[in-house]
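In what follows, a single structure is set out as structure tokens and then discussed.
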Amino acid sequence: MTSTKSRLVSFLRTEEYKALSEVKIDGKILDVGGSKYAGYHELIKGKHEFIVGNIDSSFGTDLIFNAENQWPFDGDHFDATMLINVLEHLSDYRTALSEANRVTKKGGVIIGVVPFMFNVHGSPGDYFRYTKTNLVKILSDAGFGDIEVRELGTGAFSVVYHCLMGLYRFRFVSRAVMALCRKFDELLARIKPNNLMSKTYMPLGYFLKAIKPH
């Protein structure tokens, strides 16, 4: 993963980074499936230290491990655990969430992002697309509470943008089309709130946050 400055403008990534820029965490953060070069690290507010774990060393990582197996950390070790665009790549997401709960301190937080209206992208595999209802359930089943799941994207036109974004190789064109799509989705929402083309029913993805109870 690279910084936003070197990438084609992605509607989902823009929404992800907006949500992550609102997060404040103090302490030690485990970024599972992430990269030491991830652009979102600099967005997280607070005084913290990132420990990055990935199955692939080419991403830039502190530790190499498979998130579907037991993680190489003691219990109650981290103040926060992050799973950014990772859960869709895990066939055994239950073990990953259970391990996230185990290594996170009581009162600590899990932060995640998953795609929904998104192309198949193996890294190395691509197994799932989660709904809001499903995310609440699997986080609760894993022992987390105070669960927040919110939609990313603006509705049907943000989905159209994503499907066509490969045509727009110049950043100024991408941003102009993205802004236009936002306006169309806002207009639809004003005409008929929560319509079937709104982000409630046609999200690009979801941002999730939950607490490990004391």
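The values are calculated or read from the model by the stated rules, or taken from the named source; none is laboratory data. Not measured: the values here are computed from a predicted model. In this analysis, Cβ positions are derived from the backbone assuming ideal geometry, glycine residues included, and neighbour counts consider all displayed protein chains.
Number of residues in the range 98-115 that are more than 21 Å from residue 49 (Cα to Cα) and either in contact with an Asp or Glu (Cβ under 6 Å, 6 or more places away or on another chain) or surrounded by 21 or more Cβ atoms within 10 Å (Cβ to Cβ) (or both) equals 2.
The condition of being modelled with pLDDT under 95, within 16 Å of residue 14 (Cα to Cα) and surrounded by fewer than 19 Cβ atoms within 10 Å (Cβ to Cβ) holds for residue 180.
Considering the conditions (1) modelled with pLDDT of 95 or more; (2) under 22 Å from residue 130 (Cβ atoms), residue 63 is excluded by exactly one of them, (2). Considering the range 102-214, the qualifying helices (runs of 4 or more DSSP H), each wholly inside and each with 3 or more residues that are under 24 Å from residue 82 (Cα atoms) and under 19 Å from the mean Cα position of the chain (by Cα), run over 132-141.
Going by the structure shown, is residue 153 modelled with pLDDT of 95 or more, under 18 Å from residue 18 (Cβ atoms) and touching a Pro at 6+ places or on another chain (Cβ under 6 Å)? Against the criterion (modelled with pLDDT of 95 or more, under 18 Å from residue 18 (Cβ atoms) and touching a Pro at 6+ places or on another chain (Cβ under 6 Å)), residue 153 qualifies. All of 73, 50 fail the test of being part of a loop (DSSP other than H, G, I, E, B), among the aromatic types (Phe, Trp, Tyr) and surrounded by fewer than 22 Cβ atoms within 10 Å (Cβ to Cβ), apart from 73.
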